[in-house]
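Report on one structure; see the data block that follows.
The values are calculated or read from the model by the stated rules, or taken from the named source; none is laboratory data. Quick caveat: nothing in here was measured; it's all calculated off a predicted structure. Please note: Cβ atoms are built from the backbone with ideal geometry, for glycine as well, and neighbour counts cover all protein chains shown.
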Amino acid sequence: MNQLYDLRKEPNGTWTVFDAKTGRPAEMGSRTMIGMTMKDADEIVVFLNCHNAQRRKAAEG
C-alpha cells in the first residue's frame with residue numbers, strides 16, 4: 001500500500017502525523033496532528049492510510 005501519511009518524532013519527544021507528499025502536519029477536522037504520543041500517532045496513521053486506500057479504491061470503481 002502506498003502510504004500518504006506517516007509519523008515523525010519531534011525534538012521535544014512528541015510525535016507528528018504528516019502528509020508524506022507535502023511534509024506538512026495532517027489535519028482531522030479542526031485538529032492538527034501534532035504533540036501526540038507515539039501510540040496515538042501510530043493509530044491515526046493506520047486509520048488515515050486505510051481510509052485513503054478505501055477512498056482510492058472506491059474512486060477506481
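Some values worked out for this structure:
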quantity: Failed item in (1) touching a strand residue (DSSP E or B) at 6+ places or on another chain (Cβ under 6 Å); (2) free of Cβ contacts under 8 Å to residues at least 12 places away in the same chain; (3) small (Gly, Ala, Ser), with residue 59 passing the rest; calculated: (1)
quantity: Tally of residues being part of a strand (DSSP E or B), surrounded by 12 or more Cβ atoms within 10 Å (Cβ to Cβ) and touching a residue at least 24 places away in the same chain (Cβ under 8 Å) across segment 4-25; calculated: 6
quantity: Among the candidates 38, 33, 28, residue that is modelled with pLDDT of 95 or more and exposed (fewer than 13 other Cβ atoms within 10 Å of the Cβ); calculated: 38
